[in-house]
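The values are calculated or read from the model by the stated rules, or taken from the named source; none is laboratory data. Since the structure is predicted, the reported quantities are computational estimates derived from the model, not experimental observations. Methodologically, a virtual Cβ is constructed for each residue, glycine included, from the backbone with ideal geometry; neighbour enumeration extends over all protein chains shown.
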C-alpha cells in the first residue's frame with residue numbers, strides 16, 4: 001500500500017512522507033522495524049516548500065536534540081533491564097519520550113490514539129490511518145519517528161503483538177507477553193530538561209493568568225460550576241487544559257478537602273484551583289477571592305496556611321530530603337496550635353508528566369534535585385493555598401508568580417517571601 005502525506009523532516013524542511021509496504025527491503029534512511037506477520041514500513045522523505053499558513057507545527061531543533069537524548073537514556077534503561085524494546089501506552093510516558101506529544105484527543109483523559117515502540121536504534125509510532133496524519137503533522141513533526149499504522153477498523157493490538165513477538169519487551173501497561181516496568185520507567189521522567197523548564201515557566205504564566213483573571217472578573221452569586229467554566233475557557237484559549245479544576249465557595253472547603261465544583265452559589269468568598277496541562281507537563285495554582293469583608297478566622301487561617309507554604313518553599317532546595325522539609329512544615333502547624341491540621345488533607349506532590357509523580361509525605365525518602373517541580377498546597381480550616389515551585393541550583397523558583405494580585409510578605413529565616421494574599425473585592 002502506498003500513501004503520501006505532508007510532514008516536517010528531521011532537518012526542519014517541509015516534505016512528504018510515503019508509507020510504503022516494502023517486504024524485507026529497506027528504503028528509508030533510519031532503522032526499520034518489521035514483524036513476523038507484517039512487512040516493514042519505510043518512510044521516504046521528499047523535500048518541498050512549506051505551507052504558507054500556520055496550520056502545521058514548525059521544526060524545533062531543541063526538541064529534536066532532547067528526543068535523541070531520550071533515545072539514548074532508554075537504550076541504557078533497556079540494557080540495565082536486559083530488554084530489547086519498550087512499549088509505551090500511557091500518555092505521560094509518550095509525552096515524556098517525545099518531549100511534548102499529546103496523544104489524548106485534545107487533552108482528554110487517559111484515552112490515547114497511539115503507542116510508541118522503542119528500541120535502542122529506532123522509535124516507532126503505532127496508530128491507525130485516521131489519526132496518523134494529525135499526529136505526524138502536529139505532535140511528532142520533525143522528531144525522527146517512524147510510522148506503523150493499520151486501518152481504523154482493525155485492532156492495533158495484533159500489530160503490537162507482532163512487534164513484541166520474539167523480543168524481550170518491557171511495557172508500562174501490562175501488555176500480554178511483556179514485562180511490566182512502569183514503576184522503573186517513570187523514574188526517567190525526572191528531573192526536567194532545560195526545554196521542559198522553559199515550557200513549565202510558560203505554562204505557569206498561563207495557569208496563573210487564568211485563575212487570577214477569573215477571580216478578578218467573576219461575580220458573587222455565580223455557581224461554582226459557572227466559575228469553573230470561566231476558568232476552563234481561559235485555559236483552553238491559550239492551549240492548556242484543566243487536568244484538575246476546583247472551585248469551592250464560602251466555607252465548604254473545610255468539610256470537603258478534595259472538592260469538586262457544584263451548583264452552589266459563591267457568596268462571601270471562593271477559592272479557585274487548577275492543575276493545568278500543556279506539552280504533557282503539569283502546573284498547579286490556587287487563589288482566593290473575597291466578595292465580602294473576610295472575618296478574622298478566615299484571615300488568620302489563610303495567613304497560617306501561607307506561612308506553612310513559605311516554609312515548605314524556603315526549604316525545598318537541591319540535595320534536601322523531603323522528610324527534612326516536612327519536619328519544618330510540621331513545626332509551623334505546631335507553632336500555631338494546630339498540630340494535626342496537616343492530617344486533614346494531603347499537602348503536596350511532585351509534578352511533571354503526571355498530575356502526581358509522587359506524593360510529598362512526612363516520611364518521604366526522595367532527595368530533591370534541580371529540575372524537580374513541586375506543588376505545595378497547605379490547608380488550614382477553610383483556607384486553601386497552593387503554588388508550583390521548581391528546585392534549582394540557586395534555590396526554589398516560583399513557577400506561578402502573581403500577575404496582578406495583592407501580596408502577603410512572609411519572612412522565613414530572615415528572607416522575605418512574597419505570596420498571594422486574599423483578593424478583596426468587598427469595597
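With respect to residue 427, determine if the residue is free of Cβ contacts under 8 Å to residues at least 24 places away in the same chain, in a loop (DSSP other than H, G, I, E, B) and more than 21 Å from the chain's Cα centre (by Cα).
Yes; evaluated as a whole, the condition is true for this residue.
With at pLDDT 95 or above, within 22 Å of residue 270 (Cβ to Cβ), more than 25 Å from the chain's Cα centre (by Cα) and surrounded by 19 or more Cβ atoms within 10 Å (Cβ to Cβ) as the only criterion, which of 341, 383, 305 stands out?
Numbers: 341 fails: at pLDDT 95 or above; 383 fails: at pLDDT 95 or above.
Being at pLDDT 95 or above, within 22 Å of residue 270 (Cβ to Cβ), more than 25 Å from the chain's Cα centre (by Cα) and surrounded by 19 or more Cβ atoms within 10 Å (Cβ to Cβ) holds for just one of 341, 383, 305, which is 305.
So the check is Cβ under 7 Å with 6+ separation or different chains; which pairs have a first residue in the stretch 350-365 that's on the phi < 0 side of the Ramachandran plot and a second one that's assigned to a loop (DSSP other than H, G, I, E, B) and surrounded by fewer than 18 Cβ atoms within 10 Å (Cβ to Cβ)?
Sorted first by the residue in the stretch 350-365, then by its partner, the pairs are 358/366; 359/346.
State yes or no: is residue 261 assigned by TED's automatic domain parsing to the domain that holds residue 351, surrounded by 18 or more Cβ atoms within 10 Å (Cβ to Cβ) and under 30 Å from residue 294 (Cβ atoms)?
Numbers: assigned by TED's automatic domain parsing to the domain that holds residue 351: yes; surrounded by 18 or more Cβ atoms within 10 Å (Cβ to Cβ): yes; under 30 Å from residue 294 (Cβ atoms): yes.
Yes.
Kindly indicate whether any position in the stretch 290-298 is touching a helix residue (DSSP H, G or I) at 6+ places or on another chain (Cβ under 7 Å), buried (at least 19 other Cβ atoms within 10 Å of the Cβ), more than 30 Å from residue 195 (Cα to Cα) and assigned by TED's automatic domain parsing to the domain that holds residue 206.
Scanning the stretch 290-298, I find no residue that is touching a helix residue (DSSP H, G or I) at 6+ places or on another chain (Cβ under 7 Å), buried (at least 19 other Cβ atoms within 10 Å of the Cβ), more than 30 Å from residue 195 (Cα to Cα) and assigned by TED's automatic domain parsing to the domain that holds residue 206, so the answer is no.
When residues of the stretch 130-159 are filtered for being closer than 18 Å to residue 71 by Cα and outside any loop (DSSP other than H, G, I, E, B), how many remain? Outline the logic, then answer.
Taking the stretch 130-159 and keeping what is closer than 18 Å to residue 71 by Cα, we get 139-147.
Still in the list and also outside any loop (DSSP other than H, G, I, E, B): 139, 146-147.
Total satisfying the criteria: 3.
Between 209, 263, which is in contact (Cβ under 8 Å) with a residue 12 or more places away in the chain and closer than 30 Å to residue 138 by Cα?
None of the others qualify; the one that does is 209.
Conditions tested, residue by residue: (1) in contact with a strand residue (DSSP E or B) (Cβ under 7 Å, 6 or more places away or on another chain); (2) modelled with pLDDT of 95 or more; (3) surrounded by fewer than 23 Cβ atoms within 10 Å (Cβ to Cβ).
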residue: 76; (1), (2), (3): no, yes, yes
residue: 89; (1), (2), (3): yes, yes, yes
residue: 93; (1), (2), (3): no, yes, no
residue: 107; (1), (2), (3): yes, no, yes
residue: 121; (1), (2), (3): no, yes, yes
residue: 138; (1), (2), (3): no, no, yes
residue: 145; (1), (2), (3): yes, yes, no
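Quick check on the stretch 163-192: of everything there that is over 21 Å from residue 71 (Cα atoms) and in contact with a strand residue (DSSP E or B) (Cβ under 9 Å, 6 or more places away or on another chain), which residue is surrounded by the fewest Cβ atoms within 10 Å (Cβ to Cβ)?
174
Within the stretch 161-168, is even one residue within 27 Å of the chain's Cα centre (by Cα), in the same structural domain as residue 86 (by TED's automatic domain parsing) and at negative phi?
The answer is no, given that none of the residues of the stretch 161-168 is within 27 Å of the chain's Cα centre (by Cα), in the same structural domain as residue 86 (by TED's automatic domain parsing) and at negative phi.
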